[in-house]
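Input: a single structure, listed below in structure tokens.
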Amino acid sequence: MPALSRYVALGDSVSIDLYPALDAGAADVAVALERTTTAGEVAPLGAASLLYRNANDVWPDELGADLSSLVPGIGYENLATDAATVGEVFGEQLASLPEGDESSLITLTVGGNDLMSAYGNRPPPALLDRIVGDIIEAYDFLVDAVRGRTAGGPLVLATVYDPSDGTGKIPGVYDELPPLPLDALERFNTHVRKLARGTPGVLLADIHAHFLGHGVSAPEADRWYWRRSLIEPNARGASEIRRVWYDAISSEL
């Protein structure tokens with residue numbers, strides 16, 4: 001792995017501070033009301049922020065489990081946005097990556113919103129299968145674009161977690177529809193795993209595997225998802241995502 005000067009987070013709400021900070025009561029009231037980080041102060045408690053620098057007062061047991069300890073002086077930029085899709089990461093976030101940058105570490109969390117949106121349109125199984133194939137193709141195109149722009153800097157790909165814990169039902173999410181088609185999720189995650197393991201300079205963060213058993217099947221105190229919206233990580237969930245990233249990265253440094 002090349003010497004690192006900067007960490008950049010790309011992707012969706014899995015990488016942002018908003019929901020973990022709301023869960024911890026560490027965001028301004030205006031932020032809680034409007035659900036946007038532009039409304040006020042938000043504590044850096046999201047997965048990407050914790051990977052960059054641990055919140056020692058909140059997670060003392062994770063002291064040193066961050067990039068600032070591994071790579072002193074490393075910079076940080078979080079380009080991830082709430083509800084981002086593969087297309088939005090490509091069209092809106094990728095442009096901020098400099099060409100030919102070999103010294104940036106990048107994490108990517110995306111795909112979950114694409115899958116949920118596809119299911120929300122209630123396509124028949126055959127059409128859903130084709131849509132998932134299109135999502136995978138777009139994901140590969142995005143990964144290739146990131147790799148091309150960063151000229152081989154390390155990239156960490158993440159699988160998509162399952163708050164239903166294999167049941168296909170997430171309270172508050174498409175309650176009127178049959179259980180979520182988890183075979184579509186499994187197909188996407190299987191592809192991400194194969195892509196990461198088969199591509200030089202790419203690391204795998206298997207968030208899906210790590211989070212199983214900490215969704216709807218667990219007592220509320222043991223869940224890693226925000227109680228007000230079970231598709232978002234809570235404060236503990238953000239720290240656990242950071243842990244999966246950190247373990248993947250530190251083993252290569």
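Every number here is computed from the coordinates shown, using simple stated rules; none is lab data. Since the model is a prediction, treat every value here as computed from it, not as a measurement. Every residue, glycine among them, receives a Cβ derived from its backbone with ideal geometry; neighbour counts consider all protein chains shown.
Computed from the C-beta positions of LEU70 and TYR174 and an R0 of 45 Å, the FRET efficiency is 0.65 to the nearest 0.05. With contacts taken as Cα pairs under 8 Å at a separation of at least 6 residues, region 6-250 carries a relative contact order of 24 percent. Subtracting the Cα-Cα distance of SER117 and SER217 from their residue separation scaled by 0.36 nm leaves 33.6 nm. Once the Cα-Cα distance is subtracted from the 0.36 nm per residue extended length, the ASN56 to ALA209 segment shows a gain of 52.5 nm. Per-residue extension of 0.36 nm, minus the Cα-Cα distance of LEU127 and ALA83, leaves a gain of 13.5 nm for this segment. If both residues of a DSSP beta bridge must be in region 6-250, then about 15% of such bridges are antiparallel.
Computed from the C-beta positions of ALA30 and LEU253 and an R0 of 41 Å, the FRET efficiency is 0.55 to the nearest 0.05.
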